[in-house]
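Structure first, then comments.
Quick note: the coordinates plus some simple rules give every number you see, no bench work behind them. Fair warning: this is a prediction, and the values are worked out from it, not measured in the lab. Every residue, glycine among them, receives a Cβ derived from its backbone with ideal geometry; neighbour counts consider all protein chains shown.
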Amino acid sequence: MRERRLFYYAIIVGIISGLGALVFYMALDFFSEFCMHLAGIEVPKPGGEPALFHFHLKIYIPVVIITAIGGLITGFLVYRFAPEAEGHGTDAAIKAYHHLRGIIRPRVTIIKIIASAITIGSGGSGGREGPIAQIGAGFGSFLGTLLNLTDKERRILLVCGMAGGIGSIFKSPLGGALFAVEVLYKRDFETQAIIPAFISSIVAYVVFVLVLSFFTGVHSPSVFVVPKVSVHFDQLPLYIIVGIISAGFAILYVKSFYGVHHYFKKLSISNYFKPVIGAFITGTMGLFLPSVLGMGYGYVQEAIYGHLSFNLLILTVLGKILATSFSIGSGGSGGVFGPSIVIGGLLGAAIGTFFSHYIHGIQIASYVLIGMAGFIAGACKTPLAAILMTSEMTGGYTLLPALMVSAATSYLLTRDYTIYCEQVPTQFDSPVHRMEMAVDILQNIKVKEAMTPSPVTVSPEDTVERVVRLIETTGHNGYPVVENGRLVGIITFSDIERVPVKKREYVKVKEAMTPDPITTHPEEDLKTALSKMFSLEKYSTTRVGRLPVVENGNLVGILTKSDIIKAYARERKKYFV
């Protein structure tokens with residue numbers, strides 16, 4: 001029943017994420033067209049995404065000034081209202097999943113839409129994946145909190161929001177779902193969220209495409225338009241070479257981005273002005289190399305058509321790495337996955353162009369896609385999503401074997417290098433699943449293996465004052481009450497506090513104790529015993545720090561939290577050390 005309910009929630013998250021992606025898409029297109037028109041720069045568009053807005057202003061402002069103003073506005077919005085919106089966004093969503101119980105403040109979503117649209121639209125080098133991942137995740141988190149769901153359910157809805165946002169805005173429903181469950185880890189998947197993520201992603205995709213086509217007349221099923229391409233198995237060594245080179249540039253991208261990021265973190269100026277410096281540097285680069293500005297998807301389309309020279313391709317690859325590092329690493333708001341698409345695609349085009357001078361039958365368009373998949377897999381640690389998103393964004397499904405070769409090669413060679421520093425290696429390394437795995441270990445340990453036998457006890461006929469002296473001597477907070485070997489109750493410090501001090505010398509334990517206490521059995525597992533200690537719903541008492549161990553009515557031991565921790569540590573050492 002709970003799983004079915006979660007599927008319904010995933011549909012709701014998909015609808016909201018699809019609409020949110022549409023708002024962000026239109027805001028981004030508006031600012032991009034407006035700012036680049038002011039700068040007098042003609043930016044090509046990808047074949048599947050014609051411009052929605054057109055401007056005819058007779059004003060010229062140098063692009064370096066526009067990018068700097070965009071950085072200033074972004075810095076104010078982000079650091080004044082929502083510091084979590086700083087940077088590329090996906091890491092913030094990953095961090096919220098692993099460390100913050102899946103909670104993202106609602107205001108982050110609004111600020112992220114505005115700040116990212118301004119950063120990228122004004123010429124900053126960034127992508128829309130990071131913003132839409134954080135925006136969608138914010139929607140999912142808000143719904144989970146609004147409905148008072150468990151932390152686990154809220155985290156799943158967070159992943160659904162990421163999947164819906166990415167699957168819709170990249171027109172890649174399958175790839176978006178896989179990206180959301182794959183990006184949380186370097187070498188693992190969030191398996192419990194796969195089906196809800198698929199549901200959310202396809203719903204968001206349908207909402208995005210239908211609404212966009214209804215209001216704008218845009219009917220393209222993919223981001224890029226690609227001519228007919230095919231796999232040439234005699235070029236398999238070349239596909240491997242693309243993967244190797246992609247891995248090298250992916251490592252360069254990661255090192256460059258975080259080198260700049262760490263430099264700006266240490267820079268002793270106000271955070272408000274750091275994005276201005278990064279934007280100014282990017283704008284200066286854009287004066288000489290406009291292809292590094294904004295998202296750059298149009299240049300990938302030009303590369304697919306074979307319209308870019310080898311020199312321009314290489315310069316743009318290197319320039320895009322630097323421009324993204326300064327635009328986003330300085331504190332601007334935008335994604336790092338989008339630049340990965342551009343860098344990888346143009347790198348593949350450059351390699352294909354080079355090979356075409358020496359080998360007959362090279363299709364430049366094929367190498368654009370192969371480079372794209374290889375670079376994304378290496379830089380983002382999402383090999384399956386890289387393959388599927390490349391196929392869906394381009395319609396290049398016939399290249400699957402070549403994409404797999406390049407992606408696998410790059411993924412393996414980049415080892416632990418990743419553009420997402422909040423990723424953890426596997427589920428076991430996540431605080432979320434570490435506790436779940438701890439519970440699995442506790443299921444395999446019996447109470448008799450952890451309990452303390454022959455505990456200190458008191459008699460029903462003892463005075464409360466004697467128990468007070470025992471507490472002062474031993475430091476224990478409570479004691480089992482035993483009569484003829486049989487457990488008849490338990491007396492704790494809380495029970496004693498209810499007895500007036502003057503009466504403790506003659507009030508008997510049997511008058512102050514709690515009869516019929518919660519107990520455990522020697523053959524019971526520690527998971528069940530622990531749940532008894534902490535289950536506030538099932539038992540009316542407050543948290544229980546110790547449980548009497550009873551067999552056939554007789555007290556045979558006592559089990560404390562400390563005993564459980566020690567047993568868990570011993571058992572875990574057998575498996576993981």
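Some notes on this structure:
- Peptides 361-370, 482-491 ranked from most to least packed, by the mean per-residue count of other Cβ atoms within 10 Å: 361-370, 482-491.
- By the beta-carbon count within 10 Å of each Cβ, the least crowded to most crowded order of LYS508, LYS58, LYS381, fewest first, is LYS58, LYS508, LYS381.
- In order along the range 58-65, the Karplus-derived 3J(HN,Hα) couplings, from 6.51 cos²θ - 1.76 cosθ + 1.60 at θ = phi - 60°, round to 9, 10, 10, 10, x, 4, 5, 6 Hz, and Gly and Pro are given as x.
- Helical mean residue ellipticity (222 nm; -39500 (n - 2.57) per DSSP H run of 4+; nearest 500) of the chain: -20000 deg cm²/dmol
- Whole-number percent relative contact order across the range 87-152, with pairs defined as alpha carbons under 8 Å at least 6 apart: 46
- Virtual spin-label span in nm between PHE7 and LYS265, 7 Å along Cα→Cβ: 4.3
- Applied to the range 131-136, the Karplus parametrisation 6.51 cos²θ - 1.76 cosθ + 1.60 on θ = phi - 60° returns per-residue 3J(HN,Hα) values of x, 6, 5, 6, 5, x Hz, with x for Gly and Pro.
- Taking 0.36 nm per residue of separation and subtracting the Cα-Cα distance, full extension of the segment from SER494 to ILE110 would add 133.3 nm.
- Once the Cα atoms are used to define both axes, helix 106-121 deviates from the longest principal axis of the chain by about 20 degrees.
- GLU505/ASN554 FRET efficiency (R0 22 Å; Cβ-Cβ; nearest 0.05): 0.15
- Spin-label model distance (nm) - ILE61 vs PHE354, 7 Å beyond Cα toward Cβ: 4.0
- Residues THR418, THR74, THR216 in ascending order of nearby Cβ atoms (within 10 Å, fewest first): THR216, THR418, THR74.
- A full extension of the chain between SER454 and ARG469 corresponds to an added length of 3.4 nm, given 0.36 nm per residue minus the alpha carbon distance.
- As a length-normalised measure over Cα pairs under 8 Å and 6 or more apart, the relative contact order of the chain settles at 16 percent.
- Antiparallel bridges, percent of DSSP beta bridges restricted to the chain (to nearest 5): 85
- Rounded tilt (10° steps) of 274-288 against the dominant C-alpha axis of the chain: 20
- For GLY124, nonlocal amide neighbours, meaning residues 5 or more places apart or on other chains whose placed amide H falls under 5 Å from its own, are GLY294.
- The H on the amide N of GLU483, modeled in the peptide plane, is under 5 Å from the matching H of VAL488, each at least 5 residues off or on a different chain.
- Ordered by the number of other Cβ atoms lying within 10 Å of each residue's own Cβ, fewest first, TYR239, TYR185, TYR358 fall into the sequence TYR358, TYR185, TYR239.
- Among the listed pairs LYS95/LYS561; LYS95/LYS186; LYS171/LYS381; LYS448/LYS510; LYS186/LYS255, those beyond 19 Å (Cα-Cα): LYS95/LYS561; LYS171/LYS381; LYS448/LYS510
- Sequence-distant contacts, meaning Cα pairs under 8 Å at least 6 residues apart, place the relative contact order of the range 2-222 at 27 percent.
- Electrostatic tally near LEU212: other residues with Cβ closer than 13 Å to its Cβ, Lys and Arg +1, Asp and Glu -1, net -1.
- 3J(HN,Hα) along the range 420-433, derived from phi through the Karplus expression 6.51 cos²θ - 1.76 cosθ + 1.60 where θ = phi - 60°, amounts to 9, 6, 8, 4, 10, x, 9, 4, 5, 7, 8, x, 4, 8 Hz, with x in place of Gly and Pro.
- For the range 1-86, the list of GluC sites (Glu not before Pro) that fall in a loop by DSSP and count at most 16 other C-beta atoms within 10 angstrom reads GLU42.
- Charge tally in the Cβ shell below 14 Å around THR474, where Lys, Arg are +1 and Asp, Glu are -1, THR474 excluded: +2
- Estimated FRET transfer efficiency (ASN444, PHE81; beta-carbon r; R0 60 Å; 0.05): 0.75
- Projected label points at PHE214 and HIS99, each 7 Å from Cα along the beta carbon direction, are separated by 4.2 nanometres.
- Compared with the direct C-alpha span, the chain from ARG187 to LYS566 gains 133.4 nm at full extension, assuming 0.36 nm per residue.
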